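Written out below as C-alpha cells is the structure these notes cover.
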Amino acid sequence: MHSNYFVTGATGFLGTHLIERLLARAGQIYILVRDPEANACIDLLNRYSAQQSRIHLFKGDVTLPNLGLDNAQLSNLKSQNIEFFHLAAIYDIEAAEALQYAVNVEGTRNALESAVAMGAKRFHHASSIAVAGLYKGEFGEDMLDEAGKLENAYLQTKHESEKIVRGETRIPCRIYRPGMIAGHSETGEINKIDGPYYLFHAIRKFRDSVPEWMPLIGVEGGRLNIVPVDYVADTMDHIAHKDGFDGKCFHLTDPEPKRLGEVINLFAETARAPKMSMRIDTDNINPMIKMVAQSIGKTPAFKNLMASLLHDLNIPEETMGFIDYATEFNRANTDQALAGSNIRLKRLEEYARILWSYWELNLDEERLGNENLNQQVKDKVILITGASSGIGKATAMQLAESGAKILLVARDLEALETVAAEIRDLGGQVFVHSTDLTSDEDVARLAEIVIKEYGGVDILINNAGRSIRRGIEQSYDRLHDFQRTMEINYFGALRLILAFLPGMAERGCGQVINISSIAVLSGSPRFSAYTASKAALDSFTRAASSEYADKGVKFTTINMPLVKTPMIAPTKLYNYVPTLTPEQAADLLIKAIIQKPTRIATRIGIFAQAMYDLAPNFSRLLMNSAYTMFPDSSAADGSEKDSAVDRKPTTEQKFLVNMLKGINW
C-alpha cells in the first residue's frame, strides 16, 4: 500500500519544494494551513495546479492542540497510511521569543500528538543544525544534550523542539538537520533574507562604493554550512522513503563548508565587488589582545557604534555570534542513507552566481525599478532645479509616470514649458516655476507659492549649478568667478533648503538631494571655484544630516562624475573623454530617491578621496601631472589661439582620462 502524506509548513520555502518531490510519488497530500485564502496557499496550489486534485487543505494551526483538527478529521486520516512531515517553524533569528516558543516548541509537541492521533506510521521532523548551539568541534548526529551555548531564542527553541521528538516513543521518528538553506541551485529561487543573504547588502554597498581592484582587510571567520534548498528537499524525500532508518538523525550539511571570509570573497567576485585580500584569523590573535578587544566590545559606545553599522548594512545583531562559528557536522547516517543514490551536493562555486542574480533581481529591497520608484514617490511633491535641460530634465522625464507632482524650476520659462509638455504627454503631473535662485526675493516668492499651493516639498533636488574651468593663475583678478559659482551652487541651494526644511521637519519626513561633484573628492585642478562651492554644500549637508537624523528628514549628496550636458560644452576635450549621459546621471538620482543613502559616489571618486587621505603627496603629484597635461582653454586664458583642450586628446591624455573615468580635467 502506497503512503499518503500530511505536511505542516507546506507553504514555506522548504515545504514548497518538498511537496514537489512528494507529488512525484503516488499518494494524496494533506497540508495544514491557517488560512486557505492566504497568498502563500494560493501560490502553492497554482504552482502545482496540474496535480491540485491530490492536494487537500486542512485548516488549523500548529499552536493549537491536535493542530486544531477535530476528532472526525483525525479519525478519517487513520486509514490513510500517513507519513507525517513536520516542517512548520519560525526560521527567523529576529522573531519575538514568545512566538518562537509557541510555534517551534509547542507546535512540535502538538504536531506529534496529532500524528499519534491520526495513526501516522512515521514522524519526519525538520530540525536544524541550530540545535548544536555554538558547539566547538565535531557534532554527531546522535548528539543533542552536548550542545554549546544556546544564546538566542532561535537556537533554544530548535534545540527544545528536537528534544521533544527524541523523547517520543509512541511513533517511529526521523530527524533532519539541514544547514543554512540557500536558494535553488538551478533557479536561485528564495523567498526571504536569511543566512548568507545577510551578507549581500553589505557586498553590494562595497561594490557601489569601492573599485573592484581595491584590496580589503577582513576576517577569516568560522565555517558557514550552506546547502541549496533543492539538495535538502531531495535528501529528505530520499531518506524518508528508505527502510531501516527509523530513530535516526541526519545532517543535511556540506561536509566541506567554507569559512566566512571565503564565502564573502566568492559572492564579492560574483558581484564584481572588491575582495578581502587579507583575512585575519581570530584563532591566531594573541589572547591578551583578544581580551582587550572583548573588553572594548562590551562598552556602550562600541555597542552603539556596532549597532549603527550593522543597521546600515542590514545585518541583524543576532548574527554576530556566528562570525567565528566553530561547529563541524558528522554526517555518517546521511552518507549511509544516500549511498547508491544520484543525489549530489553542488559546491557553492557552482551556483553562487545564480543565488546572487536572483537576490539582486527579486529580493534586494534597494533595487531600482518602476514599481519601487512609484511606491516611494506616488502623490509626493518633487521640486527639481535646473530642470530645463541636462540632468534636471532627464530626471523629470524618468519621474513622469511615477505618480509624483513634479515642480520644474529654472530661469528659462520657455524651456521649462517644453519639458513640461513632454511629461504631460506621458500622463505626468507637472508644474513650472521660472525662478532666479541667486535672488532672495525670487526664491522667497517661489517658496510661498509652493507651500500655499502644494503644501510644501517632499523631495528637493538641488541640481542647478555653474561650472568654471580656469586655473588659479588665470584667476588672480577674477574674484567674481568664485563669487558667482558660490552664489548659485551653494547659496542658491541653501535658499531652497532653508525655505522647505521647516515643513519637512514638521511632517517628520522629506529628502534633500544635492548634486555635488566628483571634483570635491578628487580635488581636480582648474576647478577651484566650482569645487569650493560644491564642497561648501557637501559640508552643510553633512552637518544638516546629523541634526535632522531624528526628525525623519534624509539628506543625500551625489558626487556626480562628468556628465555630457551644456555646462561642459565649452571645453571641446570633453567630446572625446568618457562621460555619463544625462539619462545615466538621472539613474543616480532615482537611486537616491529609492535608497535614500547619505552619499552616492563612483568608485573612482571614493578611491581618489581615499588616496588623498592615505597618500596625499602622491595624490597631489598625480593631479599636478593632469594640470600640466590639460592646459587652460583659449577661452579661459583670454587668448585666441587654439589650445590643447580644444583639440582631440593625445595618447597620454586618453590613458589618464580612461584610468580615472569621470573626473573633471
Taking 26 Å as the cut-off for C-alpha to C-alpha distance, list the pairs among 136/205; 534/591; 258/596; 158/596; 59/192; 149/248 that go past it.
136/205; 258/596; 158/596
Just the projected area, averaged over all directions, of the convex hull on the alpha carbon atoms of the range 340-440: how many nm²?
10.3
When only alpha-carbon atoms count, how far does the range 149-274 stretch along each of its three principal axes, as whole angstroms with the largest first?
61, 34, 26
Compare the peptides 213-219, 537-543 by average per-residue count of other Cβ atoms within 10 angstrom and give them in order, highest first.
537-543, 213-219
For residue 466, what charge total do you get from the other residues with a beta carbon under 10 Å from its beta carbon, if Lys and Arg give +1 and Asp and Glu give -1?
-1
Add +1 for every Lys or Arg and -1 for every Asp or Glu among the other residues with Cβ under 15 Å from the Cβ of residue 347, and state the total.
-2
Compute the Rg to Rh ratio over the range 1-144 from the alpha carbon atoms, using the Kirkwood formula for Rh, and round to two decimal places.
0.98
Taking H placed 1.01 Å from N in the peptide plane, check which residues at least 5 places from residue 380 or on another chain put their amide H under 5 Å from its amide H.
405
Stretched out fully, how many nm does the piece from residue 498 to residue 323 gain, at 0.36 nm a residue minus the Cα gap?
58.5 nm
Calculate one ³J(HN,Hα) per residue across the range 33-42 by plugging θ = phi - 60° into the Karplus curve 6.51 cos²θ - 1.76 cosθ + 1.60, and present them in order as whole Hz with x for glycine and proline.
9, 6, 9, x, 8, 5, 4, 4, 6, 5
Under 5 Å, built H, 5+ apart or other chain: amide partners of residue 432:
408
With N denoting the number of residues in the range 3-54, provide Rg(C-alpha) divided by 2.2 N^0.38 Å, to two decimal places.
1.02
Simple SL model, points at 7 angstrom along Cα→Cβ for residue 46 and residue 444; separation in nm is 5.8
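Every number in this text was worked out from the coordinates using simple rules, so none of it is lab data. Note that the structure is a prediction, hence the values are computed from the model and not measured. Positions of Cβ are backbone-derived with ideal geometry, glycine not excepted, and every protein chain shown enters the neighbour counts.
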